[in-house]
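Visitor: Quick one: this structure, given as structure tokens, is what I'll be asking you about.
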């Protein structure tokens, strides 16, 4: 769709990336932090797909990259939740500020 | 042409608004739902771009799998009813500052960069699943058979890891 | 030269004794240590006598030569091309004489201690220290280089410290050892600065070259020697070296350590504080004699310090009641004699008498004094052992109980008083002749002091052996204690017959001392003896009446003219308060404070910034991102 220049889509994905980063910095609940990470991953996905469509339409590389990113994101989300549950069992809280044993 | 522009603007607005709500709302369940909507919006974007397969995968895996998983974990950690505590004022300001600076910097860099379009013709108007599948399992030069196998091992490892991490230890059961 | 081996033996045998007894004596050799020490020293003495005999007679065919042999000079420490500290051995008339004195007296003390220190728990340590001292003293007299002298000087100081503080469980002994060491160390500061000045002026440290180079200053009208406060720098160097010598020789005002040093065992006092160590200062001035005779100013200093010490010590000795302290002050007085005799050269009007008579007299007196003073101390040791007390009032009427000690003590007292034909007469005669020709005032002081010397020595003699009725039968004295007494008594009696001037000076004349000038000292000595006899022959209240007559002077002299109190006042009130305390304050608060402040500042900064490691993931993520953004901006926009 050449009507929309590439960098509009890139602005979109950048904005989504930084929204996700804002959520990562600000949110205290570990699960909401995980959701922010998912947003970041998705923004990267948008980037890959857009590049594939606009810059390299004869290849499918971008598409495969996105595919693999989705698969890995799924695995990572699962493992992260397992860790959160484990940690919840130990410190009875999903507040990320409660897990600050590695401080000075 | 104007139609696709408008669609794009609506989609991007939807994505950004729901994304923003997902990271700022105080109720956790709503945050999960806003995330769900955001992901759906991104799938819509893929549809608009013509990448039908990715859109479908997005909906199936992300929306149908990961968000559901997140909702399960919300239930498991007994968080669904309570409100989230408000963030510390200094942290929001600092984060917003960092985010804005990063955003401006990246946009400037993007704007000044010229992306050269490809000279080759596109593969097809709508890419068929068959083509994707063939290349995914191809063992020749541009094939992705090896990453495919590696991903399956990774998923196996993640599976085992989750089970080991999340299972109750024997002492707890007693 | 075959003598080299003997001379090295002289030096090294006592050192070997020190090492052997020091390392193995306590546990393995024990009671046998004394015999080993004495045997080693006996061999050393024989070697010394042989070397001296060779030296003094070997050149009999060439009487004009009293050569200075530098036996070897091995460069020990080199400060560049021109200046180096060498270790060498120098034989010249005075060093040959001194090795005889040191080894003989040391041998006597070693033998005496076989009996005196028997049963002592740290017997072998005692002999080890004696060996160390003998080695150090021999090294001092044989050194060819002024810095080598300084090294052995310090070694002698250390040995003295160890020996004075031998009974280290007695606080008085420890305090005395510290006092001796500190006072002599303080004087050695002057010595060191003097060495530096002299060696700088002469561009060498070797004695021969030093004397050569600095003497020529005087004769060369073209060299303008540097002047400081009116005196040439060379003179300042000589005066500072003299201060070092004055400290070691217990001259006024650095004499305060000598009476206290009597806390050590009596044989130690005999060796160190009568015969050998305390003459180190005199020896040093004698060694540098050609330089000390260059100018009147330096001569005046030497002369007056010696004379004042002699007089002051004699006055104080008249009032002391501790036998060893009387002998200590007597030593100080005699050393004063030796020192002022060395200061008479320049003051001679032109006359037929060789101005070096002062030098001859001083060295002769050193020789004879060693014998009779060591004898006095050893007799005192015998007396103290018998009476178990140092105070004169506990003694009296001992002549029947200690017949040998009585005779020897009497001989020594006669010698020190200058009664012919004993040795002291001859040596004092030379000194008094020198004083007569140099300065009549000094002669008067010296004469008066001889009278006082006779008086207080015989005061001591009569108080110990007469005063009370003589009872008892002779105390059994071990042979090892008697033999040294006899040998020293022979020396004290007959050493005067040695033609010293012949030995020391090339072409020295044997001048007749039996002349007009010999009479006044003998008369005054007899007067002193008479007064002492009248006061102390029988027990009476005459001494108290005499003391009351001079009450003010008596009290002052009894308290040693309050010099100790003055020193203590200056150190405690002035130096400690005005210099010590501020310095300590600066050290504690400013220097330490700086270091502590740095530490505290570091700790505070660390406490402040440790919050960065908060343990919270989001903080880390924030820092992470800011860092990346910062670097990105840096490298994209600023570093092109």
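The values are calculated or read from the model by the stated rules, or taken from the named source; none is laboratory data. Worth saying up front: this structure is predicted, and the values here are computed from it rather than measured. We place every Cβ from the backbone using ideal geometry, glycine too, and count neighbours over all the protein chains shown.
Visitor: Suppose the filter is within 25 Å of residue A:97 (Cβ to Cβ) and assigned to a helix (DSSP H, G or I); does residue C:628 pass it?
Guide: Details: within 25 Å of residue A:97 (Cβ to Cβ): yes; assigned to a helix (DSSP H, G or I): yes.
Yes, satisfied.
Visitor: Turning to a different aspect of this structure: Identify, from the list A:9, A:4, A:46, the residue that is assigned to a helix (DSSP H, G or I) and either within 30 Å of residue B:149 (Cα to Cα) or within 7 Å of another protein chain (Cβ to nearest Cβ) (or both).
Guide: Details: A:9 fails: either within 30 Å of residue B:149 (Cα to Cα) or within 7 Å of another protein chain (Cβ to nearest Cβ) (or both); A:4 fails: assigned to a helix (DSSP H, G or I).
Within the list A:9, A:4, A:46, the selection yields A:46.
Every residue, every condition in (1) at pLDDT below 90; (2) in a helix (DSSP H, G or I); (3) touching a strand residue (DSSP E or B) at 6+ places or on another chain (Cβ under 8 Å), yes or no:
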{"residue": "C:337", "(1), (2), (3)": "no, yes, no"}
{"residue": "C:343", "(1), (2), (3)": "yes, no, no"}
{"residue": "C:346", "(1), (2), (3)": "yes, no, no"}
{"residue": "C:355", "(1), (2), (3)": "yes, no, no"}
{"residue": "C:361", "(1), (2), (3)": "yes, yes, no"}
{"residue": "C:366", "(1), (2), (3)": "no, yes, no"}
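Visitor: With respect to residue B:159, determine if the residue is within 25 Å of the chain's Cα centre (by Cα) and either at pLDDT 90 or above or more than 8 Å from every other protein chain (Cβ to nearest Cβ) (or both). Give the derivation first.
Guide: On the way: within 25 Å of the chain's Cα centre (by Cα): yes; either at pLDDT 90 or above or more than 8 Å from every other protein chain (Cβ to nearest Cβ) (or both): yes.
Against the criterion (within 25 Å of the chain's Cα centre (by Cα) and either at pLDDT 90 or above or more than 8 Å from every other protein chain (Cβ to nearest Cβ) (or both)), residue B:159 qualifies.
Visitor: Still on this structure: Which count do you get for residues in region B:100-137 that are surrounded by 13 or more Cβ atoms within 10 Å (Cβ to Cβ), at pLDDT 85 or above and closer than 17 Å to residue A:62 by Cα?
Guide: The number of residues fulfilling the criteria is 4.
Visitor: Whether any residue in region B:49-64 is buried (at least 18 other Cβ atoms within 10 Å of the Cβ), at the interface with chain A (Cβ under 7 Å from one of its Cβ atoms), under 28 Å from residue C:624 (Cα atoms) and touching a residue at least 24 places away in the same chain (Cβ under 8 Å) is what I want to check.
Guide: no
The rows are residues; the columns are (1) at pLDDT below 95; (2) more than 9 Å from chain A (Cβ to nearest Cβ).
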site: B:1; (1), (2): yes, no
site: B:4; (1), (2): yes, no
site: B:17; (1), (2): no, yes
site: B:29; (1), (2): yes, yes
site: B:35; (1), (2): no, no
site: B:40; (1), (2): no, yes
site: B:76; (1), (2): yes, no
site: B:80; (1), (2): yes, yes
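Visitor: So, in region A:58-71, of the ones that are facing another protein chain (nearest Cβ under 7 Å) and either under 17 Å from the mean Cα position of the chain (by Cα) or buried (at least 19 other Cβ atoms within 10 Å of the Cβ) (or both), which residue ends up farthest from residue B:68 (Cα to Cα)? I'd like the intermediate steps shown before the answer.
Guide: Taking region A:58-71 first, the residues facing another protein chain (nearest Cβ under 7 Å) are A:58, A:60, A:63-64, A:66-68, A:70-71.
From the residues that got through so far, the ones that are either under 17 Å from the mean Cα position of the chain (by Cα) or buried (at least 19 other Cβ atoms within 10 Å of the Cβ) (or both) too are A:60, A:63-64, A:66-68, A:70-71.
On the way: A:60: 29, A:63: 24, A:64: 24, A:66: 21, A:67: 19, A:68: 20, A:70: 15, A:71: 15 Å.
Ranking the qualifying residues of region A:58-71, first place goes to A:60.
Visitor: If you check C:98, C:108, C:137, C:87, which single one turns out to be part of a helix (DSSP H, G or I) and more than 17 Å from the chain's Cα centre (by Cα)? Step through it out loud before you land on a result.
Guide: On the way: C:98 fails: more than 17 Å from the chain's Cα centre (by Cα); C:137 fails: more than 17 Å from the chain's Cα centre (by Cα); C:87 fails: part of a helix (DSSP H, G or I).
The match here is C:108.
Visitor: Would you confirm whether or not region C:164-172 contains a residue that is surrounded by 24 or more Cβ atoms within 10 Å (Cβ to Cβ), at pLDDT 90 or above and assigned to a helix (DSSP H, G or I)? Before the answer, list the steps.
Guide: At the first step, the residues of region C:164-172 found to be surrounded by 24 or more Cβ atoms within 10 Å (Cβ to Cβ) are C:164.
From what is left, the residues that are at pLDDT 90 or above are C:164.
If we keep only those that are assigned to a helix (DSSP H, G or I) as well, we get C:164.
So far as region C:164-172 goes, yes, one or more of its residues are surrounded by 24 or more Cβ atoms within 10 Å (Cβ to Cβ), at pLDDT 90 or above and assigned to a helix (DSSP H, G or I).
Visitor: Going by the conditions given, is residue C:132 free of Cβ contacts under 8 Å to residues at least 24 places away in the same chain, in contact with a helix residue (DSSP H, G or I) (Cβ under 7 Å, 6 or more places away or on another chain) and surrounded by fewer than 24 Cβ atoms within 10 Å (Cβ to Cβ)?
Guide: Numbers: free of Cβ contacts under 8 Å to residues at least 24 places away in the same chain: no; in contact with a helix residue (DSSP H, G or I) (Cβ under 7 Å, 6 or more places away or on another chain): yes; surrounded by fewer than 24 Cβ atoms within 10 Å (Cβ to Cβ): yes.
Criteria not met by residue C:132.
Visitor: Quick one: would you say residue B:69 is over 21 Å from the mean Cα position of the chain (by Cα), under 30 Å from residue A:63 (Cα atoms) and assigned by TED's automatic domain parsing to the domain that holds residue B:19? Full working, then the answer.
Guide: Details: over 21 Å from the mean Cα position of the chain (by Cα): no; under 30 Å from residue A:63 (Cα atoms): yes; assigned by TED's automatic domain parsing to the domain that holds residue B:19: yes.
Against the criterion (over 21 Å from the mean Cα position of the chain (by Cα), under 30 Å from residue A:63 (Cα atoms) and assigned by TED's automatic domain parsing to the domain that holds residue B:19), residue B:69 does not qualify.
Visitor: Just one of C:144, C:124 is farther than 16 Å from residue C:248 by Cβ and in contact with a strand residue (DSSP E or B) (Cβ under 8 Å, 6 or more places away or on another chain); which is it? Step through it out loud before you land on a result.
Guide: Values: C:124 fails: in contact with a strand residue (DSSP E or B) (Cβ under 8 Å, 6 or more places away or on another chain).
The conditions single out C:144.
Visitor: Okay, next question. Can you list the helices (runs of 4 or more DSSP H) found entirely within region C:237-288 that contain at least 2 residues being modelled with pLDDT of 90 or more and within 10 Å of the chain's Cα centre (by Cα)? Let's see the steps before the verdict.
Guide: Values: elements: C:257-260, C:266-270, C:280-287.
Answer list for region C:237-288: C:280-287.
Visitor: List the pairs whose first member sits in region B:91-120 and is more than 7 Å from chain A (Cβ to nearest Cβ), whose second member is not in a helix (DSSP H, G or I), and whose Cβ atoms are under 8 Å apart, counting only residues at least 6 apart or on separate chains?
Guide: B:116/A:55
Visitor: Among the residues of region A:86-103, what is the count of those that are surrounded by 11 or more Cβ atoms within 10 Å (Cβ to Cβ), outside any loop (DSSP other than H, G, I, E, B) and more than 7 Å from every other protein chain (Cβ to nearest Cβ)?
Guide: Going through region A:86-103 one residue at a time, the tally reaches 5.
Visitor: Any idea which of (1) at the interface with another protein chain (Cβ under 9 Å from one of its Cβ atoms); (2) surrounded by 17 or more Cβ atoms within 10 Å (Cβ to Cβ); (3) farther than 14 Å from residue A:22 by Cβ is the one residue B:71 doesn't satisfy?
Guide: Unmet condition: (1).
Visitor: Does residue B:44 fit the bill of being touching a helix residue (DSSP H, G or I) at 6+ places or on another chain (Cβ under 6 Å), crowded, with 18+ Cβ neighbours inside 10 Å, part of a helix (DSSP H, G or I) and more than 10 Å from chain A (Cβ to nearest Cβ)?
Guide: Working: touching a helix residue (DSSP H, G or I) at 6+ places or on another chain (Cβ under 6 Å): yes; crowded, with 18+ Cβ neighbours inside 10 Å: yes; part of a helix (DSSP H, G or I): yes; more than 10 Å from chain A (Cβ to nearest Cβ): yes.
Criteria met by residue B:44.
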